[in-house]
Structure formats: C-alpha cells, structure tokens
Amino acid sequence: MKRSPSLVAGVVIIGALSGMAFLGNIWTPYDPTTVNSTNVFDPFSWQHLLGTDQLGRDVLSILMAGSRTSLAAAAAAVIIAMALGLSVGILAATVSRRADDFITATLAIGLAFPALLVALILAATYGPSTEIAIVAIGLATSTSVALVTRSEARRILGTSYVIAARYAGANTTEVIRRHVLRNLLPSITVQASGVASIAIAAEATLSYLGLGTTPPHPSWGRMLASTQQYILVTPLLPLWPALVIALAIYGCNLLGDGLREYFDPTLT
Amino acid sequence: MSGVLRRLAVSGAGILGSTFFVFALLRVLPGDLATAKLGTDATPEALQRLRSEYGLDKPLFTQYVQWLGNAMRGDFGSSLMSGSDVGSDIVSRLDVTLPLIVASSLLAVMAALWLGQRSALQRSNWKSVVLTLASQIGLAIPIVVLGIVAVVIFAVWLRILPAGGFPVDGWRATGSAIRSLVLPVAVLSLSQAAMLTRFARSEALDFIASDTYRTARATGMTKPQSISTARRLLLVPVLGVLALQISTLIVGAVVVENVFALPGLGAMLVRDIAARDYLKVQGSLLVVTTIVFTVQFATGVLQERLDPRRRTT
C-alpha cells in the first residue's frame, strides 16, 4: 500500500513536536523561568538560538517547556472526548429506537456549544485552570465524536458478518468487542486527530485569554499573550509561539487527512 | 405565519433554557456570590445581610424568575466589583461588538458566495490552488494566531493600520473607529468565510451539474452569468451554515476583541470571568444567547422568504 504524503508529513510534524515536548520535560537549554535582566530582547545568537524575551528568558526553552503543557492538555482532552464519545455513541447504536432518538437529539443540542464557549462558562464557574480547560474541551468535542460513532456503529451492527456472529450465539458485549470496536478503529483515529487539532487551538486560545493555563506554568497561549505587548519592539517574539501553534494544528489536520486516505484508498 | 410563530416559540424556549442553565451553574458553586464579594473572612451576619439583599436566600427558580423579570425591564443589577450598572455597561460595549459581528458576517457571506462560485467554475488552475490554500489556512489556524500575525504584518511591518485599541470618542471619531475595526473584521470574517466557502462551492458544483445551468448556458449566457442566476439558491444554505456557526462567530469575536484590545462585550466578559463578577457574567451571557437565538430566528425566516420550497415544511 502506498503511503499518502499527508500521512508522512503529519506523522513527522507531530512526532517532532512530541519529541520537543518530551525533551522539554527533562532538558531545556536554559531554565524557562529564570529571569535575566541584563539581556532582554536578545536577537538570535549561538547562546540563545531564538533570542530572549522581555524578561531575558530563553525563548527556545520556554517554547520547549510550553509544548509539554499544550500537547499534554490536548492529549488529555482527546482521551476524555474519545472515551465519552465512544461510549455514548456505541450505547446509542445498541439501545432501542426511541432511546436512540433521545440521545441523538440531546447530542445535536450539544453541537451548538463550541469548545471555547463551554470552556468560558466552566471557567466562569470554577475559575481558570488547565484542568478545567481540558474537561471543557473534552466535553464539548465529545458530542460530535458520539454522533459519528453512533452512525458508524449502526452501520457495522447491520452488516452480514455481525448478523452471522449473532446467529452463532455471540452476545452484544462480544459483538461490540470483537466486531464493532475493531471496525471503528479507522473512524476513531481520524476523529482523534480532529479533536486534537481543536484541543490545541482551544487550549492556546484559553491560555491566551488568561482562562486556561495560569502563571508560572509556560504554555504557547500564555507566551502569545505575554509577548504581544512588545509586538512593536520585537515583532518576531510573538511569532514563534504563533508558528508552533499553527504547525501543531496543521500537523494534526494532515495526520487526519492521511489516516483517512490510508484506511480508505478509494479517496485518492 | 404559523411557521414564524413556531420559530419564535422555539427561540424563546432556547433563550430561557440556556440562560437558566448558566444561572443554575453559577449558583451551585461552593462559594456563593456573597463570599465572592465579601471574601472568606466575612462575618456570618454580613454574609446573611448581603444574601437577603441580593435575594440569594430564596429558592433557585424564584431567583431566576426575579432576575429575568428585572432584566427584561432593563435592570441587570449592579456589578459585584465596581458597583456600576450592568445594563448600561453592556449597552456601551455593544457599540463595538455589534458592528464587529455584523460587518464580519456580511463580509464572510459575500466573500463565500463569490469565492464559491469562482472556485466551482475554475477547478484546475493556480487561482483555485490559492483559494484552497487560503481556506485551509482559515480553517486550520486559530483566530488568536491569525490576529497576532495580522498585527505583525499590517501594524508593525507595513504600518498602515493600528495594532489595536478603539478611539476614546467612540463612533464620533468615525474615521479612526472604522480604521481600528478593519483588521478585527478581516480576521474574524476570514475564519468564517473559510468554512462558508466550502459549502458555497459544493452547492455551486451541484448547480453546475443541473439542467437549469445547462439551459442558462444554452441561451447564450457566459459561465459566470449562468452561475449568478443561482445566487439565491446558494445564499440559502450559506445562511443556514452561518446561523449554525453563530455561536462560533461570537466566541471568535470574544477572542478578536482581546487580541485587538477593543472595548467590546467579549473583552468585558473575559475580564469579568477572571474577576468572578457573576452578575455581570450572567447579564453578558443573557445578551449573547439572545443574539444567538435572534440571529437563528431571523435567518430561518429569511431562508423561508428566499426559498419558497421551505415554507410548507
């Protein structure tokens, strides 16, 4: 099977950023929180590859440390959204028509609430924090996962091999485990990358607004906010986190497109 | 006519339901309004006095009805932090937010219709590549990143537009007010137009495959002329998507107002959330939900007027 270029590019981008996050966890060129007032706004140099910010902190180190917060938050949101969405979706596919109609209608209302709006309301209630942002993003994105999973699972449950398995005596749990979950795998991976791209954007935006990751933890969104006031002095400073955020989201989108092509070669 | 009435009822129920949801959520907190205002070391008597002053000792539903009744008469209460009147705060903020939202939606719809028709006609040249790339960027990049990049390019490097802020005189300084809204509107409408263009394009492609288009071509019209006969046909689904996306658009406005330091409702909402000024958050969210449901109601009615086939359903 020929690998699609989107898949390769997506894997490379996401792999590189995750590598940066893992490395940032154990080693950064400088301590990302150390303030050094003697060399603020340093341009590029061999000591500071991307220069220093308004407090003399090494930009590359903050970016690396921030990637951990941003990617870990996105990963956690993906796990919540997939766990919730998959269970509700499969439940809706297996229960009676009427119960299914009720679940679907409820989910359709949930679709009207974008991740950021849910996060704003939850932040208003419980105060800003990374955890609240993760829960809000996971909750808000789980509705579309549930709806897609529901229709996919219904289709799989109607296939002849599932009916054959049922005649052979398999109960619902067995059918779900052996047939539904396995055949959902393509849809799961594609949706997870979609949720990841939404989650990265939402986490960055919330932290930018001061309603997500709080100081002193470094995050890409907070970098954007704290460097924006110096935009007239050093326009490059806010462009670094902007670039990394855009790259991460684009990587997730490429990964999703690539996975879709990989699982369904008729698309290309 | 009954269709309009039914829509009105649905919108009303939607506003009531979602505001009650927000109201209840803000009330079931561990620390209530009184502790938020007076702090945790306040005496029980002082807390009790404040609770009865704000009606917090009454049942939740009674509180909601009372608050909503007052809000309908324009009384949103006063801010817990600054003591200013919430209603007039919101009204003064709408001066910036409403023009921002309306201009962005109009621009996004017009751009989507035009680009959708264009890209449906020319499927394989460099223009369509540029269009697809632009819509990919608009879809993929969050508004906050788009906004900051726009500031760097147009305000710092090219120096043709302000980096943010709004004239103190408001709309009386018309020229500079418009100038300070150019970048915010552009950023907000780009992210919306990217989504809408995809729908407009697929509708336009359907139309090109239809007999109507073939007949129009057969009468001697050029391709652009023929496709422009379907303007109404394309507008109806695009409006539908816009109505579905209106809450995304408003959240986008919240972000844009913060990026460009505009004194709008969204910027105020974020500040109030951070300061835990519940009464103001409640009031702002009531206004936001009312805008969302009003827009959905209006687009529904507009769609029926534009497309007679929808009237019977």
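Quick one: putting +1 on the C-beta of Lys and Arg, -1 on the C-beta of Asp and Glu, what dipole do you get for the protein assembly as shown around its Cα centre, in Debye to the nearest 20?
2100
Given an 8 Å cut-off on Cα distances and at least 6 residues of separation, report the relative contact order of segment A:83-159 as a percent.
Averaging sequence separation for qualifying contacts and normalising by length gives 51 percent for segment A:83-159.
Mean shadow of segment B:178-313, computed from the convex hull of its alpha carbons, in nm²?
Average projection, Cα convex hull of segment B:178-313: 10.9 nm².
List the relative contact order of chain A as a percent without decimals, with contacts defined as Cα pairs under 8 Å and 6+ residues apart.
Once divided by the residue count of chain A, the mean separation gives 26 percent.
How many angstrom lie between the C-alpha centres of segment B:140-206 and segment B:217-275?
If you average the Cα positions of each part, the centres end up 12 Å apart.
Please give the FRET efficiency for A:Arg177 paired with B:Leu16, using the beta carbon to beta carbon distance and R0 = 45 Å, rounded to the nearest 0.05.
Efficiency computed from Cβ-Cβ geometry: 0.55.
Using a Gaussian network for chain B with springs between C-alpha atoms less than 10 Å apart, which of these wobbles most: B:Leu106, B:Leu181, B:Leu146?
B:Leu106
Which distance in Å, rounded to a whole number, links the C-alpha centroids of segment A:154-177 and segment A:53-105?
30
Please tell me the relative contact order of segment B:124-244 in percent, rounded to the nearest whole number, where contacts are Cα pairs under 8 Å and at least six residues apart.
Over segment B:124-244, the number comes to 24 percent.
Local charge sum around B:Val86 (other residues, Cβ-Cβ under 11 Å, Lys/Arg +1, Asp/Glu -1)?
Net of charged neighbours comes to -3.
Is there a quick way to get the dipole size of segment B:192-283? I mean about its Cα centre, with the Cβ of Lys and Arg at +1 and of Asp and Glu at -1; what is the value in debye to the nearest 20?
280
Give me the angle, in degrees from 0 to 90, between the Cα long axis of helix B:265-275 and the longest principal axis of the Cα atoms of chain B, rounded to the nearest 10.
So the inclination is approximately 40 degrees.
Assign one of three labels to the protein assembly as shown, namely rounded, prolate or oblate, based on the Cα gyration tensor with a ≥ b ≥ c the square roots of its eigenvalues; rounded applies when a/c is under 1.5, prolate when it is not and a/b is larger than b/c, and oblate otherwise.
Judged from the Cα gyration tensor, the protein assembly as shown comes out rounded (a/c under 1.5).
Could you give the nm distance between label points at B:Lys223 and A:Val35, where each point is 7 Å from its Cα heading toward the beta carbon?
For the pair B:Lys223/A:Val35, the computed spacing is 6.2 nm.
Which net charge results for the neighbourhood of B:Glu257, defined as the other residues with beta-carbon distances under 11 angstrom from its beta-carbon, given Lys and Arg at +1 and Asp and Glu at -1?
Summing Lys/Arg as +1 and Asp/Glu as -1 gives +2.
Would you mind checking which residues have amide H under 5 Å from B:Ser78's amide H? H placed 1.01 Å from N; only 5 or more apart, or other chain.
B:Val86
Are there any trypsin sites (Lys or Arg not before Pro) in segment B:118-159 that are in a DSSP loop and have at most 15 other Cβ atoms within 10 Å? List them by number.
In loop regions of segment B:118-159 (DSSP not H, G, I, E or B), the sparsely surrounded trypsin sites (Lys or Arg not before Pro) are B:Arg123, B:Arg159.
If you take the square roots of the eigenvalues of the alpha-carbon gyration tensor of segment B:130-195 and sort them as a ≥ b ≥ c, do you get rounded (a/c under 1.5), prolate (a/b over b/c) or oblate?
Cα axes put segment B:130-195 in the prolate bin.
Of B:Leu68, B:Gly55, B:Pro184, which is farthest on the positive side of the dipole of chain B, counting Cα position, with +1 on Lys and Arg Cβ, -1 on Asp and Glu Cβ, and the Cα centre as origin?
B:Pro184
Quick one: among A:Gly85, A:Gly138, A:Gly110, which has the greatest mean-square fluctuation in a GNM of chain A with alpha-carbon springs under 10 angstrom?
A:Gly110
Against the longest principal axis of chain B, how steep is helix B:86-121, in degrees 0 to 90 to the nearest 10, with axes from Cα atoms?
Value to nearest ten degrees: 20.
Please give the calculated 222 nm ellipticity per residue for the protein assembly as shown, where each DSSP H segment of at least 4 residues contributes -39500 (n - 2.57) and the sum is spread over every residue; nearest 500 deg cm²/dmol?
So the calculated ellipticity at 222 nm is -24500 deg cm²/dmol.
Of the lysine pairs in chain B, how many meet both conditions: Cα atoms under 22 Å apart, and a spacing of 8 or more in sequence or different chains?
4
What is the Rg over Rh value, at two decimals, for chain A, using alpha-carbon atoms and the Kirkwood definition of Rh?
1.07
Only Cα pairs within less than 10 Å get springs; with that Gaussian network setup on chain B, which residue of B:Leu100, B:Leu188, B:Leu158 has the largest fluctuation?
B:Leu158
What residue among A:Val148, A:Ser129, B:Ile143 has its Cα farthest toward the positive end of the dipole of the protein assembly as shown, where the charges are +1 on Lys, Arg and -1 on Asp, Glu, each on the Cβ?
So the residue we want is A:Val148.
Read-outs throughout are calculated quantities, based only on the coordinates presented, and are distinct from any laboratory measurement. Small disclaimer: the values here were computed from a predicted structure and weren't measured. Glycine also receives a Cβ, built like all others from the backbone with ideal geometry; neighbour counts cover every protein chain displayed.
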